[in-house]
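S.K.: One structure, pasted below without further comment.
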Amino acid sequence: MNGFQQSYQREEAYADAARNARFAVSRIEEIVRSAGTNPTGRTTVNWLTFVDFGGGNSSSSLHLISDLNGDAATTSTITADSDVIITSENMTLTLNTSTNTIVMVDNNQPIDSTRRSVPIAENIRSLTFTDPDGSRRQVDVDLYAVPNGVPITDRRYREVHYTANIRLRNR
């Protein structure tokens, strides 16, 4: 392969990494914004901690709770087999570091269910969730996407960095 072809492949890999990172942030924003949804306003769910960073204010995983269907419980899973809509009232977003994949874990599904863990984005090296002010009303997302097929030893190697600040609905 000549230098132009190698350069094209590298730039295409960087563009793919950027698209992947943008999609990951967009999907995470959609999921995080639904945390704390309580359409009925019932106080039986308002006492819940809708966003949990694992005991601190920063983590590589984020536990989210909501009452999407207004039944005053957080035990429902909403799925549509005709497409890829899967969401849960009790889920965890986390980075699987062995596969560099962001996954959504449905905590309402049995451990052995094939629907328990759903990949959201691949080729993500780092993912951090932070509560910027300790209020549990917003989440900062920081992620690094890596180009697929470009070795780290390549002198032109670079990663794509994306951040987002997400305010929760109804909080």
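S.K.: Tell me the mean residue ellipticity at 222 nm calculated for the chain from its helices only (DSSP H runs of n ≥ 4, each -39500 (n - 2.57), averaged over every residue, nearest 500). Let's see the in-between values first.
M.R.: Details: 2 runs with 35 residues, N = 171.
Theoretical 222 nm ellipticity from helices: -7000 deg cm²/dmol.
S.K.: Let me have the relative contact order for the chain, percent, based on Cα pairs under 8 Å that are six or more residues apart. Spell out each step's value before the answer.
M.R.: Details: 349 pairs, mean separation 41.8, N = 171.
Computed over the chain, the figure is 24 percent.
S.K.: State, to one decimal in nm, how far the label point of S7 lies from the label point of S113, with both points 7 Å from Cα in the Cβ direction.
M.R.: 5.1 nm
S.K.: Given a Förster distance of 22 Å, report the FRET efficiency between S26 and D142 from their Cβ-Cβ distance, rounded to the nearest 0.05. Mind dumping the intermediate values first?
M.R.: Working: r = 15 Å, r/R0 = 0.68.
After rounding, the FRET efficiency stands at 0.90.
S.K.: Give me the distance in nm between label points sitting 7 Å out from Cα along the Cα-to-Cβ direction at D16 and N165, one decimal.
M.R.: Once both label points are built, they end up 3.4 nm from each other.
S.K.: Along its principal axes, what span do the Cα atoms of the chain show, with the longest given first and each in whole Å?
M.R.: Cα spread of the chain along its principal axes, largest to smallest: 65, 39, 23 Å.
S.K.: List the residues whose amide H sits under 5 Å from the amide H of Q138, counting only those 5 or more places along or on another chain, with H placed 1.01 Å from N in the peptide plane.
M.R.: Correct list: L168.
S.K.: Magnitude of the Cβ-charge dipole of the chain, K/R +1 and D/E -1, about the Cα centre, nearest 20 debye?
M.R.: Dipole about the Cα centre, nearest 20: 360 debye.
S.K.: Moving to a separate point now. What's the angle, to the nearest 10 degrees (0 to 90), between helix 3-33's Cα axis and the longest principal axis of the chain?
M.R.: 10 degrees
S.K.: Accessible surface of T77 in the full protein assembly, 1.4 angstrom probe, to the nearest 10 Å²?
M.R.: Estimated to the nearest 10 Å², T77 gives 40 Å².
The values are calculated or read from the model by the stated rules, or taken from the named source; none is laboratory data. Just so it is clear, the structure is predicted and the values come from calculations on it, not from any experiment. Cβ atoms come from the backbone with ideal geometry, glycine included; neighbour counts cover every protein chain shown. We work out accessible area using only protein heavy atoms, side chains counted, and drop any ligands, DNA or RNA first. Shrake-Rupley method; radii C 1.70, N 1.55, O 1.52, S 1.80 Å.
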